[in-house]
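Structure first, commentary second.
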Amino acid sequence: MINLMMLALGIFSVAFWPALPDLPVALALYLLATLFGLLLLRKVQHIWGVLFLGAGMLWGIFSAQQLLQDILPENLNGEEFQLTGRIIGLVDRDAVRSRFDFAVESARLLSEEPGGANGLGRSEEVAKQIIDGKILLSWYGAQELRAGQRWQLTARLRRPRGFVNPRAFDYQSWLLQQGYKATGYVRASQQAMKLPFEGLAGSGYTSSISAQLREQIKQAIESSDLSLRGRAVLLALSIGDKSRLGGWWQELARLGIVHLLVISGLHIGLVALLGAALGKLLARAAIVSAALVGRLGRRASNPNLQWLPPITGLLAAFAYSLLAGFSLPTQRALIAVAVVVFARLRFRRIQPFVCLIWALTLIALCQPLAVLSAGFWLSFIAVAILIVWFSPWRSMARWWPQRRTLTAQLALLLVMSVPLMLFVGRLSWLAPLVNLLAIPWVSALTVPTTLVGCLLLPFSQQAAAALWQLSDWSVTTLWRLLDLLPADWGFLVSPVGTSNLALAAALLAGLSLLLPWHLYCRWLGVLPLALLLLGRQPTDTLRVTVLDVGQGLAVVVETPTHRLLYDSGPRYSDSFSAGSGIVAPYFWQHGYGRIDRTLISHEDGDHSGGFPSLQQVVPSDDIITGPGVYFSEHDLKGQSTEICQAGQQWRWDGVLFQMLSPMAKERGGQTSGNNSSCVLQISWGQIRILLPGDIESAVETQLLGSAILLPAPIDLLVAPHHGSKTSSTSAFVQRLQPKQVVFSAGYQHQFGHPHSSVSERYINLGSRVWNTAEQGAITFEWQPSGELTVSAARSETRYWWR
């Protein structure tokens, strides 16, 4: 088992390397190391662990190089192609766009010269890269799209890429794990052409079969008489469609039952057990039938069907995984089920940890980048905790199974708090209590009725709908019980943040509390965490972080005891926004559950779109907005707002905040648009910072005459309007003479920010220029002495796949 663990460790370690060596070089080094070890130790058994570790690294390097060869080449990034292919997954729709997986059958580069030799070569290059592969496309204003349809489309493609922020969701990593070779969006919609069905021909046909089945089930569930919440849960449990759960996602997370109401390893295991039970019934029926035939005087051999229950369990789990879209979590659960089935077929009693290690190794071989997924860590750690907690598996102690079952949720909370804080930033302390009721309820009632309804659908939609209504009733009843819990209970944010020291102290405390109660020394393990909590002191620094939100802006300003958010970034879709997906994790990481003040500079969506979702998860005590900004009462959660205006000021911990613009309406100030942006000046000792929003040349000219605009040089300037050529005039730049300039812009965005002339203007002045599109989130931290430390997220976390 040690060798298997070393193999998995070697494979997974490659995901965190900053660069990849050439495979021949790595192989040569491996052979030399093996030879040297044999000569030194004389016996091969002494170096088995090292050999397996090296073999794992070689496999990881080979898989990584294959992945890099398969994605869209850098020289074709942002090019337009004419694509022919098939929709192979469920279509994710919202009010603006449809997003779907597209299996490419043919691809032609539109920028090539017709008949040109060079153009032909480039077309052959892109065809080799993405044909028979999967790409993720968005179609704005799309027609009615269905799984299995074939289309000819014009699309602009990009290499997989995402934002880079501290402890936030890594979109690029997710894309690569899912196997996407490129992303893109459909252009010239009027030229798109739906193609006739070609049967078994074409790429992606096999994948589209399960997608079409899922589409049929989705339509049937949507047409049934169900509650909105029940319909959303049924779609998630039956076909893995979580899109309808967006409105309740925070509530599910607060209660700690996300894993119950979406397809997870728990459900794959449950279906495998149900399939095994069905196989056992069939085996017994076959034995009884053979016995009856024997009594009738006919010769009938007693069938040996011990293999049937494990096989039917595996087939049931495989069918359910296909129904769920064969997502990576279901694949991992299916591998674990396959390990158990193999052991049963070999008539061997396999130890739980041995099964876990085999599953880990097989997943490493099949999914080398799985280690980058939070779900991978959470699922394996949870299973390991349960294995330890229920050992020994048999005990003569009275009520032992009942006691262990009741306390298992507490054990999970204590140990899982560390990975949850690391990956999510917060945890639900309600989870142990809620899961004691929800797990048996959902497992025994909601899941079986949902899946049996899917099985009955081809024969009778009325029967399927009746079972789904029973599932709906179970969801509604469960929710009525859970609504009895106060709405402000549930989430816990680490008051000391999620530093490595805090996580290590929390892990030690959790493991210590799991020790037997008669060991009083276990309380010593809690001491480091207690000292950390009691001894926390605010740092006497000023920190400004410009988050990587793409084409938008979100800036966090931190004094020793207060936090300010300047703009909240955009809302990308119905299910994801910069507010809840990027800004909120940053605050959780630093131990903040609330924001002292949020300032939304103006109404543009790339500055204000993320606020509503942020306010739901990390509320602000005070909200200031530009004169053109409007949020509903639901968005504000009952909080009042104040309009920014020149002359406003406040002081936190010796740091002065002054509003320079906009002027009052009666004095000619703008009430909407870019020039109505709230311009904030921050000063601390000799440190000067300016956050100008999206102001343009007219307001820049006004500011030059402002009496309270601090003298040059400015220590930090967030470039006005993302570096647009309508801003950062020569006079404005010369007046400020900023030492550090940050452009918050999207990578190769259609707006082309920052404009080359603007960048040159700052560079020629001697300013240090930063760009979130290139460097990710950028943090500036000043000491009282004026010493500055700058860190960029993308350079601090260099990986070969990024």
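Structure summary
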read-out: Boolean, residue 762 is over 24 Å from residue 788 (Cα atoms) and in contact with a helix residue (DSSP H, G or I) (Cβ under 7 Å, 6 or more places away or on another chain); value: no
read-out: Residues within the stretch 630-651 that are touching a strand residue (DSSP E or B) at 6+ places or on another chain (Cβ under 8 Å) and open to solvent by 20 Å² or more (accessible area, probe 1.4 Å), tallied; value: 13
read-out: Residue pairs meeting the criteria (Cβ under 8 Å; at least 6 apart or on separate chains; first more than 12 Å from residue 505 (Cβ to Cβ) and touching a residue at least 12 places away in the same chain (Cβ under 8 Å), in the stretch 525-546; second assigned to a helix (DSSP H, G or I) and not polar (S, T, N, Q)); value: 545/586
read-out: Meets criteria (touching a residue at least 12 places away in the same chain (Cβ under 8 Å) and open to solvent by less than 30 Å² (accessible area, probe 1.4 Å)) for residue 269; value: yes
read-out: Residues satisfying the stated conditions in the stretch 678-710, i.e. among the charged types (D, E, K, R) and more than 25 Å from residue 782 (Cβ to Cβ); value: 694, 696, 700
read-out: Candidate set: the stretch 652-688, residues that are of a type in the set (Ser, Thr, Tyr) and open to solvent by 40 Å² or more (accessible area, probe 1.4 Å); chosen: the one farthest from residue 707 (Cα to Cα); value: 672
read-out: Residue within the stretch 487-505 that is within 30 Å of residue 324 (Cα to Cα) and without any contact (Cβ under 8 Å) to a residue 60 or more places away in the chain present; value: no
read-out: One residue from 141, 162, 148 being without any contact (Cβ under 8 Å) to a residue 60 or more places away in the chain, of a type outside the set (Val, Ile, Thr) and open to solvent by less than 20 Å² (accessible area, probe 1.4 Å); value: 162
read-out: So residue 371, is it over 19 Å from residue 63 (Cα atoms) and not in a loop (DSSP other than H, G, I, E, B); value: no
read-out: Check on residue 289, open to solvent by less than 30 Å² (accessible area, probe 1.4 Å) and either under 25 Å from residue 93 (Cα atoms) or of a type in the set (S, T, N, Q) (or both); value: no
read-out: Residue, modelled with the lowest pLDDT, within the stretch 257-315, restricted to residues that are under 30 Å from residue 237 (Cβ atoms) and among the polar types (S, T, N, Q); value: 264
read-out: Enumeration of residues in the stretch 332-367 that are at pLDDT below 85 and either of a type outside the set (A, V, I, L, M, F, W, C) or touching an Asp or Glu at 6+ places or on another chain (Cβ under 7 Å) (or both); value: 332, 344, 346, 348, 349, 351, 352
read-out: All positions within the stretch 73-85 that are in a helix (DSSP H, G or I) and over 25 Å from the mean Cα position of the chain (by Cα); value: 75, 76
read-out: Test: residue in the stretch 105-117 that is of a type in the set (A, V, I, L, M, F, W, C), open to solvent by 60 Å² or more (accessible area, probe 1.4 Å) and modelled with pLDDT of 90 or more; value: no
read-out: Every residue from the stretch 552-611 that is of a type in the set (Ser, Thr, Tyr), open to solvent by less than 10 Å² (accessible area, probe 1.4 Å) and either out of contact with any Pro (no Cβ under 9 Å at 6 or more places or on another chain) or free of Cβ contacts under 8 Å to residues at least 40 places away in the same chain (or both); value: 566, 577, 598
read-out: Selection within the stretch 239-251 - in a helix (DSSP H, G or I) and either among the basic types (Lys, Arg) or crowded, with 19+ Cβ neighbours inside 10 Å (or both); value: 239, 244, 245
read-out: Of all residues making up the stretch 731-787, the number that are part of a strand (DSSP E or B) and loosely packed, with under 15 Cβ neighbours inside 10 Å; value: 1
read-out: All positions within the stretch 135-178 that are at pLDDT 90 or above and small (Gly, Ala, Ser); value: 138, 155, 162, 173
read-out: Residue in the stretch 186-206 that is modelled with the lowest pLDDT, counting only those that are open to solvent by 60 Å² or more (accessible area, probe 1.4 Å) and not in a loop (DSSP other than H, G, I, E, B); value: 206
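Here is a yes/no grid of residues against (1) under 30 Å from residue 560 (Cα atoms); (2) of a type outside the set (A, V, I, L, M); (3) out of contact with any strand residue (DSSP E or B) (no Cβ under 7 Å at 6 or more places or on another chain); (4) modelled with pLDDT under 95:
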residue	(1), (2), (3), (4)
742	yes, no, no, no
748	no, yes, yes, yes
762	no, yes, no, no
769	yes, no, no, no
789	yes, yes, no, no
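The values are calculated or read from the model by the stated rules, or taken from the named source; none is laboratory data. Bear in mind that the values here come from a model prediction, so they are computed numbers and not experimental data. A quick note on method: Cβ atoms are made from the backbone with ideal geometry, for glycine too, and the neighbour counts reach across all protein chains shown. Ligands, DNA and RNA are excluded from the accessible area calculation, which covers all protein heavy atoms including side chains. Shrake-Rupley method; radii C 1.70, N 1.55, O 1.52, S 1.80 Å.
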